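Some notes on the structure that comes next.
Each value in this text was obtained by applying a stated rule to the coordinates, not by laboratory testing. As the structure is a prediction and not an experimental result, all values here were calculated from the model. Note that we place each Cβ from the backbone using ideal geometry, even for glycine, and neighbour counts take in every protein chain shown.
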Amino acid sequence: MRILWHRLLTAPTTRVESVVGHVTLLRIDGLVCDTVCAARTRHALERLDGVRSVSVDYDAGLARIEGRPQDPAVYEQAVTAVVAGMGSRRLLERVARPFRRRQAPHGGNP
């Protein structure tokens with residue numbers, strides 16, 4: 001299992017990147033591990049009404065969802081519902097935010 005610890009500093013969020021026909025590309029920020037996190041996310045999205053299949057690319061932070069497109073809030077709710085320690089993740093994100101702002105003016109990516 002691969003773990004990207006720095007992603008713990010970002011509470012998982014989703015954003016619809018594109019919808020073409022019955023294929024939705026969903027950006028998922030904050031996936032920490034390649035097996036458990038990605039699998040739980042895939043299962044959560046597969047349970048949505050009208051979804052036929054889901055694949056999650058952990059490295060890219062993208063899910064490809066085939067089936068009836070959903071409201072963006074539905075995707076967000078499905079993903080955040082399966083995140084372990086969501087309260088802790090949001091706390092870590094708040095604590096890390098001021099440090100990221102300080103790094104940004106120096107050309108670093110927050």
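Summary table below
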| read-out | value |
| --- | --- |
| Least to most buried among Asp29, Asp71 (fewest other Cβ within 10 Å first) | Asp71, Asp29 |
| Residues of segment 38-77 with amide N under 11 Å of the 7 Å Cα→Cβ point at Val23 | 64-67 |
| R0 of 35 Å, Cβ-Cβ distance Glu46-Arg2: FRET efficiency to nearest 0.05 | 0.95 |
| Long-range HN-HN contacts of Asp34 with modeled amide H, under 5 Å | Arg2 |
| Spin-label pair Arg15/Val36, simplified geometry with 7 Å Cα→Cβ offset, distance in nm | 2.8 |
| Burial ranking of peptide ranges 12-19, 41-48 (average Cβ count within 10 Å, highest at the top) | 41-48, 12-19 |
